[in-house]
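Peer 1: Pasting a structure below so you can have a look.
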Amino acid sequence: MAVLLALLLVSLCFSLIRVAHVTITCYWLTPRRIKKIMERQGVRGPKPRFLVGNILDVAAMVAKSTAADMDSVRHDVVGRLFPHFLVWSQLYGKRFIFWNGTEPRMCITDTEMIKELLSKYSTKAGKSWLQQQGSKHFIGKGLLMANGEDWHHQRHIVAPAFIGDKLKSYAGYMVTCTKQTLETLKNEVESGRTEFEIGEYMTRLTADIISRTEFDCSYEKGKRIFHLLTVLQNLCAQASRHLCFPGSRFFPSKYNREIKSLKMEVERLLMEIIQSRKDCVEVGRSSSYGNDLLGMLLNEMQKRRENNNYGFNLNLQVIMDECKTFFFAGHETTALLLTWTIMLLATNPSWQDKVRAELNQVCNGASPSVDHLSKLTLLNMVINESLRLYPPASVLPRMAFEDFKLGDLHIPKGLSIWIPVLAIHHSEELWGKDAKEFNPDRFASKSFTSGRFIPFAAGPRNCVGQAFAMMEAKIILAMLISKFSFTISENYRHAPVIVLTMKPKYGVQICLNPLN
């Protein structure tokens, strides 16, 4: 008994030593090594505080800059949303290092370095451990957060859902759902209502479309999942405050309990949908799991099991994470793109008229088809300008998984590289003196420097649903602009904020007028 107890104590001591070694290495030695390597290359930044780094500095600056609403509808929002970028880039230059807890982050705006990073080093850089931990209860390790071979396999499985005839087949869903939304708006106008918070309608509409394409069911069936994911998104936006201290994610705090409870409820609802598909196949009512995204994933999992192909473990957890990822990415970002674009057109009626004239010429009063979309040049320019001024994803993060050379810099393993998309999109150096103004004409030419316009990222890890989102945005906007004219309401308060994505704090209120 005494020998057994001694062995247990020795084992415990070794475990504690190993944990202490890993903690010291990860939280102290490695970050300090990276800091010295970058300082020798002339890359410096604000002094970090112990464990929390510069998190408190960033939070204080953002809280101050967003305390009040903007006094007019202006688009110079970098100082409001990225005040730390402006301050530190002026102090330390175009590339500098700041600290998210113990994670060193180098901010770069050089377009050539960005192109090189996103294309040449797509396999050597990806999502950091902190990012994965911060979102693991939200979207898990779906395509957005996967790395290495996992990402490669997931991309290969999912990509066919967003190309060719499969992509074109979604247009019918988009037109049908949009017609229902426009009919609702028309009925409300006829009942005497004139002002609408258009963001709510765009969120419901895009949620309905992604529900049908992902689960082949209506928004009503997925409404509970959408609500829970929205709450999870808001909680995960606070994740950096809870991941600074070693082991903090294991504390039985109110934050950790709430976020885990919500995750379990989302996955319970998803499992109900998945189980109903499996039951249909098992009892012989269906020969496959379906042609939607969920069906494609389940069919692929079954095929791999039958062929004993276990190179990539496509299990139910991965499928649920993929579903959550596309629930979020498939409707959240497109809804925001639509909301910001409608705001811009409502405050620029001359462009609204130009797009409407183009729609009359191309579609001749009919609902837009896939063949029409490539001919809607002005609408495409407006959407691109909206993505430039208000990109839903305001930053692109990548962590180096091994040492590599980027431009004139040696990038050490473990350094996180942050690309401030919003700041790049608003740069006068890259876009001219009118960079902070709404001017879709800048996209009249299809040839412009790559690396400066990256709303969907670039390179192999670009957004797999980019074509889906653009097709959806064009169809919805085309149908809305053909049926209504709209102006910004006097009740609209311009106050962009970032909660993982860039949102209008109070929504976007517009006044709708039906067209004959």
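Peer 1: Measuring from a point 7 Å past the Cα of Tyr506 along Cα-to-C-beta, which residues in segment 59-92 have an amide N at less than 16 Å?
Peer 2: Only 66-74 fall inside the zone, counting backbone N under 16 Å.
Peer 1: Hey, rough spin-label estimate for Val87 and Arg155, points 7 angstrom out along Cα→Cβ, what's it come to in nanometres?
Peer 2: About 3.7 nm separates the two model spin labels.
Peer 1: For the pairs Lys433/Lys503; Lys179/Lys503; Lys405/Lys436; Lys141/Lys278; Lys436/Lys474; Lys127/Lys260, note any where the Cα-Cα span goes beyond 27 Å.
Peer 2: Table pairs above 27 Å Cα-Cα are Lys405/Lys436.
Peer 1: For Asp71 and Lys436, calculate 0.36 nm times their separation in residues minus their Cα-Cα distance, and state this gained length in nm to one decimal.
Peer 2: On the way: separation 365, 0.36 × 365 = 131.40 nm, distance 1.55 nm.
Residue separation times 0.36 nm, minus the Cα-Cα distance, leaves 129.8 nm.
Peer 1: If R₀ is 56 angstrom, what is the calculated FRET efficiency for the pair Leu515 and Val283, using the beta carbon separation as r and rounding to 0.05?
Peer 2: So the FRET efficiency works out to roughly 0.65.
Peer 1: Continuing with the same structure: Near the amide H of Ile417, under 5 Å away, which other amide H atoms are found, from residues 5 or more places off or on another chain, if H is placed in the peptide plane?
Peer 2: Here Met106, Arg398, Met399, Ala400 satisfy the definition.
Peer 1: Moving on to the next point. Report the rotationally averaged projected area of the chain based on its alpha-carbon convex hull, in square nanometres.
Peer 2: With the hull built on Cα positions only, its mean projection is 28.9 nm².
Peer 1: May I have the pair-distance distribution P(r) for segment 46-95, computed from all Cα-Cα distances with 10 Å bins from 0 and rounded to whole percent?
Peer 2: Here the calculated profile for segment 46-95 is 24, 47, 24, 5.
Peer 1: Sticking with this structure for a sec: For segment 261-379, count the residues as N, evaluate 2.2 N^0.38 Å, and divide the Cα radius of gyration by that value, please.
Peer 2: Output field value: 1.57.
Peer 1: Sticking with this one: What ratio of Cα Rg to 2.2 N^0.38 Å holds for segment 102-217?
Peer 2: Working it through for segment 102-217, the quotient is 1.51.
Peer 1: Same structure again: How far apart, in nm, are the 7 Å Cα→Cβ label points at Lys375 and Ala357?
Peer 2: 1.8
Peer 1: Using the 10 angstrom Cβ neighbour count as an exposure proxy, how do Glu103, Glu429 rank, fewest first?
Peer 2: By the 10 Å Cβ count, ascending: Glu429, Glu103.
Peer 1: Would you mind ranking Lys324, Lys94 so that the residue whose beta carbon has the fewest other beta carbons within 10 Å leads the list?
Peer 2: The most exposed by this proxy come first: Lys94, Lys324.
Peer 1: Can you sort Arg40, Arg32 from fewest to most other Cβ atoms within 10 Å of each residue's own Cβ? Working shown, then result.
Peer 2: Values: Arg40 9, Arg32 12.
Final ranking by Cβ density, sparse to dense: Arg40, Arg32.
Peer 1: List the DSSP H helices in the chain whose Cα atoms stretch 30 Å or more along the helix axis and whose mean Kyte-Doolittle hydropathy is at least -0.5.
Peer 2: Long hydrophobic helices here: 2-24, 316-346.
Peer 1: Which FRET efficiency, nearest 0.05, do Ala60 and Asn491 yield, Cβ-Cβ r, R0 30 Å?
Peer 2: 0.45
Peer 1: Additional query: First check a/c for segment 99-161, with a ≥ b ≥ c the square roots of the eigenvalues of its C-alpha gyration tensor; if it is under 1.5, answer rounded, and if not, answer prolate when a/b is larger than b/c or oblate otherwise. Don't skip to the answer; put the middle values down first.
Peer 2: Working: a/c = 2.51, a/b = 1.17, b/c = 2.14.
Note, shape of segment 99-161 comes out oblate.
Peer 1: Let me ask another. Go ahead and estimate [θ] at 222 nm for the chain from helices alone: -39,500 (n - 2.57) per DSSP H run with n ≥ 4, summed, over the residue count, rounded to 500.
Peer 2: Only helices count here, giving -17500 deg cm²/dmol.
Peer 1: Using just the C-alpha positions of segment 376-516 as equal point scatterers, what log10 of I(q)/I(0) does the Debye formula give at each q in 0.18, 0.22 1/Å?
Peer 2: Cα-only, vacuum Debye calculation for segment 376-516: -1.28, -1.58.
Peer 1: Amide H neighbours of Asn100 under 5 Å, at least 5 residues apart or on other chains, H built in the peptide plane: list them.
Peer 2: Amide H neighbours of Asn100, under 5 Å, 5+ apart: Asn54, Arg105.
Where a number appears in this text, it was derived from the coordinates with a stated rule and is not lab data. It should be emphasised that the depicted structure is a prediction, and the values quoted were computed from it without experimental measurement. Methodologically, a virtual Cβ is constructed for each residue, glycine included, from the backbone with ideal geometry; neighbour enumeration extends over all protein chains shown.
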